[in-house]
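First up is the structure itself, then whatever we jot down about it.
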Number of protein chains: 4
Amino acid sequence: MTALDDLKEELVTANHILANERVLDSFGHISVRHPDEPGHFLLSRARAPQLAVTGDIMEFTLDGEIVGAASGKPYSERFIHGAIYEARPDVLAVVHNHSPNVVPFTVTRQRMRPIMHMCGPIGGDIPNWDIRQKFGDTNLLVTSMEIGRDFATTLGSNTVALMRGHGSTVVGRSVRDVVFTSVYMELNAEMLIKALSMGEVTYLSDGEIAAITKGRAGFTFERGWENWCRRVGRPYVAQDWNMGEGFSKTDG
Amino acid sequence: MTALDDLKEELVTANHILANERVLDSFGHISVRHPDEPGHFLLSRARAPQLAVTGDIMEFTLDGEIVGAASGKPYSERFIHGAIYEARPDVLAVVHNHSPNVVPFTVTRQRMRPIMHMCGPIGGDIPNWDIRQKFGDTNLLVTSMEIGRDFATTLGSNTVALMRGHGSTVVGRSVRDVVFTSVYMELNAEMLIKALSMGEVTYLSDGEIAAITKGRAGFTFERGWENWCRRVGRPYVAQDWNMGEGFSKTDG
Amino acid sequence: MTALDDLKEELVTANHILANERVLDSFGHISVRHPDEPGHFLLSRARAPQLAVTGDIMEFTLDGEIVGAASGKPYSERFIHGAIYEARPDVLAVVHNHSPNVVPFTVTRQRMRPIMHMCGPIGGDIPNWDIRQKFGDTNLLVTSMEIGRDFATTLGSNTVALMRGHGSTVVGRSVRDVVFTSVYMELNAEMLIKALSMGEVTYLSDGEIAAITKGRAGFTFERGWENWCRRVGRPYVAQDWNMGEGFSKTDG
Amino acid sequence: MTALDDLKEELVTANHILANERVLDSFGHISVRHPDEPGHFLLSRARAPQLAVTGDIMEFTLDGEIVGAASGKPYSERFIHGAIYEARPDVLAVVHNHSPNVVPFTVTRQRMRPIMHMCGPIGGDIPNWDIRQKFGDTNLLVTSMEIGRDFATTLGSNTVALMRGHGSTVVGRSVRDVVFTSVYMELNAEMLIKALSMGEVTYLSDGEIAAITKGRAGFTFERGWENWCRRVGRPYVAQDWNMGEGFSKTDG
């Protein structure tokens, strides 16, 4: 298999994992930037992520145009992905989700902020984008580059942005990275709702969030990834522990 | 197989899906209006929905009288279905449920209202019918056309009506439609209870609910349906994406 | 098989169902009064209910003495069962549980009371027995007839009594009856905690609870029992819909 | 097999159980003191506990140095275990977890305290260690003996200490003991959050906690252990009911 084939397989596995870990249900999607064509990205045809197979993966330009053969109808919200890849050259993978414990934070004034070290990489500043502010009463879907770019502006340089009445979008430097952040964002939200019911909460400090984020290392991603693969019955293909710029090579 | 056979198979699948997605437990039921006899409807014999098979499906007049052979004891609450089909010619399918996150809304003054786009089709106005108001102290069951008609009056032209201390009833224009609305009503209730614990909530606006409801399209139902079929081990039989009047043919 | 063998099989099935429906975990137990010897009862040896097999079922006098062969160590809390059978000739089956959503009600002043028709049979008055009141600081276990009789006094003529910091005990007129009440008590507690978080709650009225309890019928128990059997992989053995005195023979 | 081999098998089983009972996810770990070398302990290589196999078990000095062959990369937080074994000769097994219902208690002022008899052994005084107090802004991990010893000082003679924004650590006199306490701590936290939402809570008294803890007996551990083994598909190897000093030999 080529490196591109491997990446497609990893993307299919990520689809299954995100559904199994309750980040996605029949809706939501994950993409990865094309490794050889930074102006393209890979994304399944419009299908429940739990069902995605390698043949479903399609290639798109950043404007959301299909490149090559179409395996089927594309996701109408592919513009979330394209607009982010356009605005953020550092981003190599994107998850758009309706993570069920995160949605409540999109419709209240309680801020989402990490309370536990595993969840630190979601970041300390998580904006909440409201489509209504610029586009009025809509069906809330991001169905054009214009809307996608407006969302990307709110996302800015953050790792996560909430979407009012809809869900959230998470970005990362690899498929593993963005899956990891998504799984632990859902857990953080679940635990934070419970903590808030008991009174004042001590969030991670900015310094702690920075130390945790800087310290992410390949072997941490591999530990979760191997486990999640087993849980969905997909083969585990090990990756190098050295994940390059922006990640740690050492423990602790 | 005839079209009627296909519809019975779809109804059996819907029974299994609703049980698996936690809308129904051993109780609750789903019916569909007879495609050739608008004055009749199809409904399983009184059985846990998870166990329903094709041979369990019976035919009823709107008054709840059995048409043809009886596969067994009928549901004592079949009058919910009949009375709605009588009052609402636009309704082609009905789910009566004890959806566990919805029940709390039937016994408090908190209003159920959608907070997330997937849940928009439950509608902005959801009445809460109380059997006690007209019938006094009962076992809360809708066991006659008289009670069924009273409930149908409260339902009015809405998609959902709550039933105090009991559950709710959802109507739709197809089996897929009514299953979809039921699954996402349960999710909306689960998320809304959490959101309310964190303070003031921003619900979808009336304009958003209208845009979402008008924009429902066949391919959206298919995406969920295929996934839910797989989860219960039932064959997925694809349907036309063009669902006719009241549904969208396009994306977004 | 004899009628006694059938009853032992039903008791094993009940053990598995209660574990699967989250009423019991590795602890808690269900007994049935001996059909031919009203002064004896049947109960598994001390074992996680999920693992119970027919050979584990033992016979006891109401004082908790083993009758015949011992399959192993008896439950140290068998006195809960014996003391209730002694005080309540109408009781034919008993479940002692640590039902996880019920325990919170044993340590707060919020009253447990049914909010939904399926849960009506738990009754409107549910006392909360505190072992400390008479026996001071203990390990909270009911390990003698003296303690068991004190609990039975608090239970009185009710269907359920809570046990502070411990769990609850449910009584019924058959294995099916007591399992049904136990499963829906756990559901009532789960839904009530959520309802209470949203404000003032409308409970079932006394008249409604009476109508529901009086209206329980064999076919209702069978509908749940068949489904729960399937979920734990145990054979479903149908019973007569006419359950005798105290139960309804008709619908609604 | 030697006694050491048996212990390694038990440790692998414990890894699977703790993951299945939701005490651990892909992270967290359990160790046991070496039975023949009290200055050594056994711990899996850095791997998701659900996946641990016998060949993964490694031996360490209390300072966290690998003894003999390395099966792979060690956990960076092995110093939690070493520092506790160093400070507490009575401790023979340690679980470090991110138990999801416990984490909220590490970031609020609500105290964790047992409300139910099964959970009594977590103890009445549960300190909450904050790494920031001595080490400032870190990634919250215990990656050196210096940090481990600071945590062990806070743990003192207790059975559990919380770790702010991180999780908790539980100690015991055997693998069974520490697994039992960990499983019921998670359950206690889940039930306590719900109880607190309903008003003032009656915790177990100090006298009750002492009676429960003193009364723990081998057959109680065996009842849970056999059940948990079955749930993860691991063989159940029975142990002597007489667990020695600090445990009861009798019922109740």
Point to revise | Residue-averaged [θ]222 nm for chain D, counting only DSSP H segments that reach four residues, each worth -39500 (n - 2.57) | key: -11500 deg cm²/dmol
Point to revise | Label 7 Å beyond Cα on the Cβ vector: D:Gly246 copy-to-copy distances, nm | key: 4.8, 4.8, 6.8
Revision key, fill the gap. The range A:177-229: spread of alpha-carbon positions along the three principal axes, whole Å, largest first, is 36, 26, 14
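With Kirkwood's inverse mean 1/r over C-alpha pairs for Rh, give me the Rg to Rh ratio of the range D:44-146, two decimals please. All intermediate terms of the calculation are to be shown ahead of the outcome.
On the way: Rg = 15.9 Å, Rh = 16.1 Å.
That ratio equals 0.99.
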Review point. How far is the Cα center of the range A:115-157 from the Cα center of the range A:13-56, in Å?
Key: 19
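Give me the dipole magnitude in Debye, nearest 20, for chain B about the Cα centre, with unit charges on the beta carbon: positive for Lys and Arg, negative for Asp and Glu. Walk me through the intermediate numbers first.
On the way: 25 positive and 31 negative charges, 124 e Å.
Charge dipole, chain B, about its Cα centre: 600 debye, nearest 20.
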Check your understanding: In the Gaussian network model of chain A, springs joining C-alpha atoms below 10 Å, which of A:Asp125, A:Asp56, A:Asp36 carries the largest mean-square fluctuation?
Key -> A:Asp36
Point to revise | Partner aspartates and glutamates for C:Lys194 [C-alpha distance under 12 Å; skip if fewer than 8 residues away on the same chain] | key: B:Glu190
Exercise for review: First select every other residue whose beta carbon is under 11 angstrom from the beta carbon of D:Pro127; then total the charges, Lys and Arg +1, Asp and Glu -1.
Suggested key: 0
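In the range A:69-177, which GluC sites (Glu not before Pro) are in a loop and have at most 15 other Cβ atoms within 10 Å, using DSSP for the loop call?
On the way: sites: A:Glu77, A:Glu86, A:Glu146; in loops: A:Glu77.
The qualifying sites: there are none.
Scan the range C:163-252 for chymotrypsin sites (Phe, Trp or Tyr not before Pro) in coil per DSSP, keeping those whose Cβ has at most 16 other Cβ atoms within 10 Å, and list them by number. Before the final figure, lay out each step's value.
Numbers: sites: C:Phe180, C:Tyr184, C:Tyr203, C:Phe219, C:Phe221, C:Trp225, C:Trp228, C:Tyr236, C:Trp241, C:Phe247; in loops: C:Tyr203, C:Tyr236, C:Trp241, C:Phe247.
Listed in order of number, the matching sites are C:Tyr236, C:Trp241.
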Review point. Tell me, what are the semi-axes, in whole angstrom and largest first, of the equivalent ellipsoid of the range C:123-176 as set by the roots of 5 times the Cα gyration tensor eigenvalues?
Key: 20, 12, 10
Exercise for review: Scan around B:Val67 for amide H atoms under 5 Å from its own, H built in the peptide plane at 1.01 Å from N, and keep only partners 5 or more places away or cross-chain.
Suggested key: B:Glu59, B:Phe60, B:Thr61
Check your understanding: GNM, chain D, Cα, under 10 Å: largest mean-square fluctuation among D:Ala69, D:Ala14, D:Ala152?
Key -> D:Ala69
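Using just the alpha carbons, could you tell me how many Å³ per residue the convex hull of the range B:197-252 encloses?
On the way: hull volume 6.6 nm³, N = 56.
Roughly 117 Å³ of hull volume per residue.
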Revision key, fill the gap. For the range B:152-252 the trypsin sites (Lys or Arg not before Pro) that pass both the DSSP coil test and the at-most-16 other-Cβ-within-10 Å test are B:Lys249
Revision key, fill the gap. The value for the range D:95-186 (convex hull of the alpha-carbon atoms, volume per residue, Å³) is 96
Revision key, fill the gap. The aspartates and glutamates whose Cα lies under 20 Å from the Cα of D:Lys214, excluding any fewer than 8 residues away in the same chain, are C:Glu77, C:Asp137, D:Asp90, D:Asp125, D:Asp177, D:Asp206, D:Glu222, D:Asp240, D:Glu245, D:Asp251
Revision key, fill the gap. The set of residues whose placed amide H lies less than 5 Å from the amide H of A:Ser44, leaving out same-chain residues fewer than 5 positions away, is A:Ile30, A:Met58
Practice item. State the Cα centre-to-centre distance between the range C:180-233 and the range A:65-91 in whole Å. Key: 49
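Cα convex hull of the range D:134-252: how many Å³ per residue?
Details: hull volume 21.2 nm³, N = 119.
About 179 Å³ per residue, rounded to a whole number.
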Check your understanding: Taking one equal scatterer on every alpha-carbon of the protein assembly as shown, how large is log10 of I(q)/I(0) by Debye at q = 0.06 1/Å?
Key -> -0.46
Practice item. Please identify, among C:Val183, C:Val171, C:Val67, the residue showing maximal mean-square fluctuation in a Gaussian network model of chain C using a 10 angstrom Cα cutoff. Key: C:Val67
Exercise for review: Please compute the Cα-Cα pair-distance distribution of the range A:5-91 with 5 Å bins starting at 0, giving whole percents from short to long.
Suggested key: 3, 16, 28, 26, 19, 7, 1
Exercise for review: Could you name the residue in chain D with the C-beta closest to the rotation axis that superposes chain D on chain C, along with the separation in whole Å?
Suggested key: D:Ser197, 4
Practice item. For B:Asp5, place a label point 7 Å out from Cα along the Cα→Cβ vector, do the same in each other copy, and report the separations in nm, one decimal, smallest first. Key: 4.2, 4.2, 6.0
Check your understanding: Regarding chain C, what are the three Cα extents along the principal axes, ordered largest first, in Å?
Key -> 54, 48, 30
**Study point:** Average beta carbon contacts from partner chains per residue of C:126-138, 10 Å cutoff
**Key:** 2
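Here, each number is a calculation from the coordinates, and none is a lab measurement. Computed from a prediction, not measured in an experiment: that's the story for all the values here. Neighbour counts are summed over all protein chains in view; Cβ atoms, including those assigned to glycine, are modelled from backbone coordinates with ideal geometry.
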